[in-house]
Amino acid sequence: MGPASSAPTPDRAESRRLRGVLAAAALAMFCVQLDFFALTLALPRMASDLRVTTTDLQWALSGYMLALGAFLVLGGRLGDIFGRRLVLVVGLGVFGAAAVLCALAPTAGLLIAFRILQGIGAALIFPMTVSVLSSSFPEQSRGRAIGQVFGLAAVGTALGPFVGGLLTAGPGWRWIFWFLVPFVVAAAVVTLAATRESRDESMPRRLDLVGAIVLSAGVALVTYAVDRIPTSGLASPLVWATGLAGLALLVSFPLVEGHVRLPLIDMGLFRNIAFVLVTAVGTMANVAYAGTVFLATLYLQDVRGLGPLTAGLVFLGLSVATGFAGPLAGWLGVRYSARVVMTIANSIGGLSLLALTFSRAWGAYVPVFCLCGLGFGLGWSFANIGTQRVVRPERSGEAAGVTQTVLIVIAGIGLAATATTLEALQSAGHAPSASIEVILRVLAGGLLLSAALLGAFGRHAR
């Protein structure tokens, strides 16, 4: 009798392959999140080196977000039609190549152009990470895998400012982009090694170009208008012209899709009550997160008088709790429905936000911020898990693209509305503390209302 074979059993080999898929998706998401948040502290030094104002170079962030929001749905649908592994690797290639070009950019104009290209790469990566996980993992462990990936993405968000500040103060801001390259290469290699190709076999390999142009242009114009509000003002003709043009394109999109044999988006998706509710509740959590980070920065330092270091330590609780919420969402997803988890998550977020507005001792902010981060993180992480459960697997990329577009674009609109409302309240004579507290309470009310609606009408949200 010969020696026992050392070859892995099929189950063990499949388990190892799935760990590779998880690693690839996690690395890809980590790169995208780290990249964006690492640049926030580097902008002044970048502007000085490139001999432009920080306001002008703000387009290195805004252009990236504009491209990301405009191409997310297209990125998701490309994966469903042409292959999810292929599109993820292409997205990583575009993202990594653009990072190298950004590191070498001699002028601000070229840097902004390469950042827009990087945003397009990120728009391919974002929905494909969710879609690759959905097509690779069995249903019983799919939610846990997505949650773990979003947890690591949140770590990238938390580490981003620290890494960006460290590299900018040390070897220079260009090393933020060089730092990303090995991670992007590793993500592409692991994707090719561990991920099997999958696509919507019921669809021919043709893309609805007219629908893609109308939708992408509409989202881009609306995103541009929202981005201009803080600098140009709500009454700006540019804001109104681009915003209304974008809204007109978005309103016309369903009409365009109704005359296409193979539409970019199955409009029946929006008749799926569970999909709409889960996306809306997750969006409310993301709006509250963006608004809270913006307002709390002013609240802690300008109103409560905390120093930057103390305020940063308080915010650390929010970042850590948000990062912990991703894996927790995956663990809860195996056991509970989106209706249960997201109702509880937004309730926690809303009640914690209310408590924040009544807290006066800065030591109380830390536990309250931790609870806020937990609620917000569970809410938007579970939006990606819950929406994947209520659509057909072959349309997973499309669903992920739509969900993430709504989450990102509406959060941007909400942030601009928050800044504009704060300015209006202060112009009307309200004290800064009172103005901030009013807006935070409105956000808390939105969270509690969304939780109540999902609890009452979300019986199909699995």
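P(r) tail, the range 66-105: Cα-Cα pairs separated by more than 14 Å, 56% of all pairs. What share of Cα pairs, in percent, lie more than 17 angstrom apart in the range 31-144? Percent of Cα pairs beyond 17 Å in the range 31-144: 56. Applying both filters, DSSP loop and at most 10 other Cβ atoms within 10 Å, to the trypsin sites (Lys or Arg not before Pro) of the range 318-418 gives 360.
Please find the FRET efficiency linking residue 355 to residue 273, where r is the Cβ-Cβ separation and R0 is fixed at 25 Å, and quote it to the nearest 0.05. Taking R0 as 25 Å, the efficiency between residue 355 and residue 273 is 0.20. Each of 357, 107 has some number of other Cβ atoms within 10 Å of its Cβ, and from fewest to most they run 107, 357. Residue exposure proxy: 267, 342, 46, ordered by other Cβ atoms within 10 angstrom of their Cβ from fewest to most, comes out as 267, 46, 342.
Taking only DSSP H segments of four or more residues, each worth -39500 (n - 2.57), what value at 222 nm results for the chain once the sum is divided by all its residues, to the nearest 500 deg cm²/dmol?
Counting only the DSSP helices, I get -28500 deg cm²/dmol.
Translational D (Stokes-Einstein, µm²/s) of the range 265-462 at 37 °C and 0.692 mPa s when Rh comes from the Kirkwood sum over C-alpha pairs? Approximately 192 µm²/s, per Stokes-Einstein.
When GluC sites (Glu not before Pro) are flagged only if DSSP places them in a loop and at most 11 other Cβ atoms lie within 10 Å, the longest unflagged stretch of the chain comes out as 202-462.
With an a/c value under 1.5 for the gyration tensor axes a ≥ b ≥ c computed over the alpha-carbon atoms, the chain is described as rounded. Where the alpha-carbon atoms of the range 96-232 are placed on the principal axes, they occupy 48, 35, 26 Å, in descending order. Among the chymotrypsin sites (Phe, Trp or Tyr not before Pro) in the range 146-214, none is located in a DSSP loop while being surrounded by at most 16 other Cβ atoms within 10 Å of its own Cβ.
With a ≥ b ≥ c taken as the square roots of the eigenvalues of the C-alpha gyration tensor of the range 404-452, please select rounded if a/c is under 1.5 and otherwise prolate if a/b is larger than b/c or oblate if it is not?
Here the range 404-452 falls in the oblate category.
The modelled label-to-label distance between residue 205 and residue 11, using points 7 Å beyond Cα along the C-beta direction, is 3.7 nm. Against the empirical curve 2.2 N^0.38 Å, the C-alpha radius of gyration of the range 209-263 lands at a ratio of 1.28. Residues 289, 224 in ascending order of nearby Cβ atoms (within 10 Å, fewest first): 224, 289. For the chain, averaging the sequence separation of C-alpha pairs within contact (under 8 Å, six or more residues apart) and dividing by the residue count gives a relative contact order of 23 percent.
Just so you know, all these numbers are worked out from the coordinates, no wet-lab data involved. Just so it is clear, the structure is predicted and the values come from calculations on it, not from any experiment. In this analysis, Cβ positions are derived from the backbone assuming ideal geometry, glycine residues included, and neighbour counts consider all displayed protein chains.
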